[in-house]
Amino acid sequence: MIPSTGAPPGTRVRGSVVQLLAILAMTLTVPFSLRVMHGRSADTTSRLPYLPVFPGHRSQLFHAGRIPELQQMNPGAVVIGDSMAGTRIDERVLSKRSGVPVAPLLQAGSGPAFWYLALKNWVVASGIKPRVVFIFFRDTNLTDVMFRLDDQFRWSLDMVASDTEEELNDVVQSALDGPFYAVHQGVERLYHVDAARRTVEPMVSRAPARWIAGSAGQPRLLEHANQRFGLDHLRVMEAADMAADAGTDFAASVKQSVLPLMLREAQRGGFKLCLVRVQRRPVNGQPPVQSPALKKYVHDLREYVQAHGGILHDDTGDPAITLDMYEDGDHIARHARADYTRLFYERLRVLLRPALRVNGAPAAQ
Amino acid sequence: MIFHSLDFVLFFLVFTAIYWSLPHRPQNVFLFAGSYFFYGYVHLWFLILIATSTSIDYCAARGMEARPAHRRKFLWLSIVTNFGMLGFFKYFDFFVDNVAAALATMGLPWHQPTLRILLPVGISFYTFQAMSYTIDVYKGELHARRNLLDLATFVSFFPHLVAGPIQRASFLLPQVETPRRFSVDKATSGFGLICWGFFKKLVIADNVGVIANKVFALGDPTFPLLWSGVFAFAIQIYADFSAYTDIARGTSRWLGFELTENFDHPYLARTPADFWRRWNISLSSWFRDYVYIPLGGSKAGDAKWARNVMVTFLLSGLWHGASWNYVLWGAYHGVLLVLTRARRILKPAAPVPAGHRPVVAALIIMAQVAGMFALTLVGWLLFRETELSAIVRALTLSPFSAPADDRSTGLYLFVLTLLYSLPLWAQSIWVEWHRDESGVRHPAFIVPPGWPRAAVQGVACGLAFAAILLLRSRASLDFIYFQF
């Protein structure tokens, strides 16, 4: 970047500096076109009613119908979670084994915010007294309130959220105060990126389908593509995602999580809360490698949960949960779902059928 | 620490500000400390390895000069230490697995020890870089350094520590030792490289990487799906690796350093030899200078030349990872080179017919580029697919047996990949267009220097930033070459 020749060296350097600053300024300015492009459609002033920390609208009302369903069913056990729970627990098998009705409150792609609200607004609000409520999670995501709380997954919260969720909003706000989210929020306020992404992303992914199959054939092509890469067609991968080291400082993350609220709700509802950490996909016939930081996290989590009246059950290292039970990633295959459920019952029967307790100490501890 | 993280952005801004406020010697101390902080950010024990490697190489080089009669012994000390650490951390489990498999086929079951060793990121890169120092000192092309700090800074220089490009001591070490001045021109061009690098990583590589990952996770891929996935992987690995290089070169310029280029638009190569002059240039030239030429290069007859090429490429394949598919990938490229030369010997190329030269020549070039790209794709299949049975299955798939829906889906994935990679292709074609017959590239900018060029760069960087905000993949993937 050399400015006009013939100028004295000092002037040239000054000119170059100004040009560099101009380039930096333009780099930050050009993305404002996103704001202009979507200025009309992006309503950034409205906030999610029950979580004012996020912009947006509520897309559906609270599913209040769940409450009478639970009251009518009066389950002895409740299972809350995402696909980790959904692919593992067959409620009919568990119900038959334990002799109590089992209520699954599952939502694919859900996270701890959903699980907490399902516990509070469905289970506790219904007034039922199950013997135990299970919440399934992987590694550290129980204490990561931001897990699946971004734009893509947030919609499912609508079905479990009441009109106001002040405590959850406070927890999310405290998590957002971290440097990453502060920057994200700052960028969002400057450029209105989320609104633009919602418009452009589908355009980019659908355009080639329209070019190939035409407007009429595009939905069928995309449907086939989604179906073709579904669980049924995936091979058994040699290694699932390794446990990440991020978020393994339990003491720091628990303060910004809904875990204390979950444990409090369990006490309020008068039932046992059992948090189930699923074993991730085994590698070479053994449980996946866990970093020392993750091991310490689980140790601290267990101590915390027990100190607050809950139970932590950890599948990791259970020799009966073998690689052939897995499908893709950390999901359990359909054919092994009943086997896993039976195993789950065997491991935690003292919680489901307290009368069977022999030595007094729950196995899960 | 990874480039595409807020941690790095903050680190780099603060680091650069302090760095330029210091005089040369304290600047080097700070650069060394910053590099060790960068490398030890996640796993502190990684620092023990790089410090050991550096110390041994320092002593070995000093020993070579102090006791010339024992030069060879000092070289072996360096080689055994460096390759010993690399071999242990990178290849131990691979070796044990293969011994166990071999014993099992002989009916000798063996309870193999599994150490589950965590591969320290970047060990392959800095080991090779450090080795270049001791080998050059041994050959008398470089004098041993007295200043351990300068050497340690050269080995650990953070912009390229984790994934290259591998720099020669003769190129980078003098830059460490010489006082540096902040250059606005360098910073400006470096900023352009950084923007382009982040765009390639976050918009192109990560988006097409999702396609490649999905296809390679299929248990029953058909021909169109498989090859659209291979195409996506080809784009991913180039965009990803060249992005790292660009960011490394860009950040280096902000610190007053210059790193060598690592890519020269490899997908427009016309022959296997041409491809290897353009792909991962720093590694290719390392193997050329320290393996291929010492073996005899091309001076010892065709048969020995073929042997040298195969040995070099097998080792190059193994360098990429402890898995047979990488060895196969290296062997494949070695065979391509040998066959190309054999063909040239047996059937020299006919001259282009006079009178039709420009058109015919252009068509021939396009056909050569397309042919070489197709051969490269076969190589990427071997590189990406870790199961040998799946490779065999993939290579025997028939293009005619796929259902119509799979053909449409494969085409869809191909076009989607092409769409994301358009800027990459456009840049390559643009640069190639401005290359003269001797292969020298001429400045691709047609915009006059000064304010017009600054305006164009500003808009281009702004568009890259906007595209990153708008189109960055939701799946944040690590740089592929971290694992090597």
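Quick notes
- The stretch B:266-304 versus the stretch A:115-186: alpha-carbon centroid distance in Å: 56 Å
- Tail weight of P(r) past 20 Å, computed on alpha-carbon pairs of the stretch B:6-180, percent: 58 percent
- HN-Hα J in Hz across the stretch A:162-176 - Karplus 6.51, -1.76, 1.60, θ = phi - 60°, x for Gly and Pro: 7, 5, 10, 9, 4, 5, 5, 4, 5, 5, 4, 4, 5, 5, 5
- Euclidean distance of C-alpha centroids, the stretch A:286-302 and the stretch B:126-140, integer Å: 40 Å
- Within straight-line cross-link reach of B:LYS200, lysines at Cα separation under 30 Å, skipping those fewer than 8 residues along the same chain: B:LYS90, B:LYS186, B:LYS214
- Neighbourhood net charge (12 Å Cβ-Cβ; Lys/Arg +1, Asp/Glu -1) for B:THR245: -1
- At least 18 Å along the helix axis (C-alpha) and Kyte average at least 1.0, DSSP helices within chain B: B:6-19, B:92-105, B:357-384, B:451-471
- With K and R counted +1 and D and E -1, the other residues having a Cβ less than 10 Å from that of A:PRO49 yield a net charge of -1.
- Per-selection Kirkwood Rh - the stretch A:191-233 (Cα, Å, 1 d.p.): 11.6 Å
- Cα gyration tensor, the stretch A:121-184 - rounded (a/c under 1.5), prolate or oblate: prolate
- Legend: Rg and Dmax of the stretch B:118-183, from Cα coordinates, 12.2, 40 Å.
- Separation of alpha-carbon centers, the stretch B:1-57 and the stretch B:374-423, rounded to whole Å: 41 Å
- Placing unit charges on the Cβ atoms only, positive for Lys and Arg and negative for Asp and Glu, gives chain B a dipole magnitude near 1080 debye about its Cα centre.
- Long-range tail of P(r) for chain B (Cα pairs > 37 Å, %): 32 percent
- Neighbours of A:TRP115 by Cβ distance under 11 Å: Lys/Arg scored +1, Asp/Glu scored -1, total 0.
- The Rg/Rh ratio of the stretch B:260-402, with Rg taken over Cα atoms and Rh as the Kirkwood radius over Cα pairs, comes to 1.01.
- The stretch B:260-402, dipole about Cα centre (Lys/Arg Cβ +1, Asp/Glu Cβ -1), debye to the nearest 20: 500 debye
- Summarising the overall dimensions of the protein assembly as shown from its C-alpha atoms, the Rg and Dmax are 29.9, 97 angstrom.
Bear in mind these aren't lab numbers, they're just calculated from the coordinates by the rules spelled out. What you see is a predicted model; the values in this text were computed from it and never measured. With ideal geometry, Cβ positions are generated from the backbone for all residues, glycine too; neighbour counts draw on all protein chains shown.
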